[in-house]
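The values are calculated or read from the model by the stated rules, or taken from the named source; none is laboratory data. Everything quoted here is computed from the prediction, not taken from an experiment. Cβ sites come from the backbone with ideal geometry, for glycine too, and all protein chains shown count toward neighbours.
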Amino acid sequence: MDAGDLIKLDQPLAELLDAYCRGNGVDEQTVVALALRRFLTDDDPALAALIAGYVKMGALNAQIANEFTVCESEALTESW
């Protein structure tokens, strides 16, 4: 059996899905397929911004650490 045949949901999620389907007149297969397709193919702008921020901060943190290392090296050689 492959993933296309069966998806296991915990009880609260299964109940939420069932209520959504009954309230909106759609079948569970349609909702699951659409949600999974959206999850796997849509870009998440918030996640992309978060990743870009961490990449930018990584370079800045490396620069600060490099400058701090130079200061620490000077302090160690002067104290000897």
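Looking only at the stretch 1-53, residues that are assigned to a loop (DSSP other than H, G, I, E, B) and without any contact (Cβ under 8 Å) to a residue 12 or more places away in the chain come to 15 in all.
For the residues 30, 69, the requirement of being at negative phi, among the hydroxyl-bearing types (Ser, Thr, Tyr) and modelled with pLDDT of 90 or more singles out 30. Scanning the stretch 1-48 for residues that are of a type in the set (Gly, Ala, Ser) and surrounded by 10 or more Cβ atoms within 10 Å (Cβ to Cβ) gives 14, 19, 33, 35, 48.
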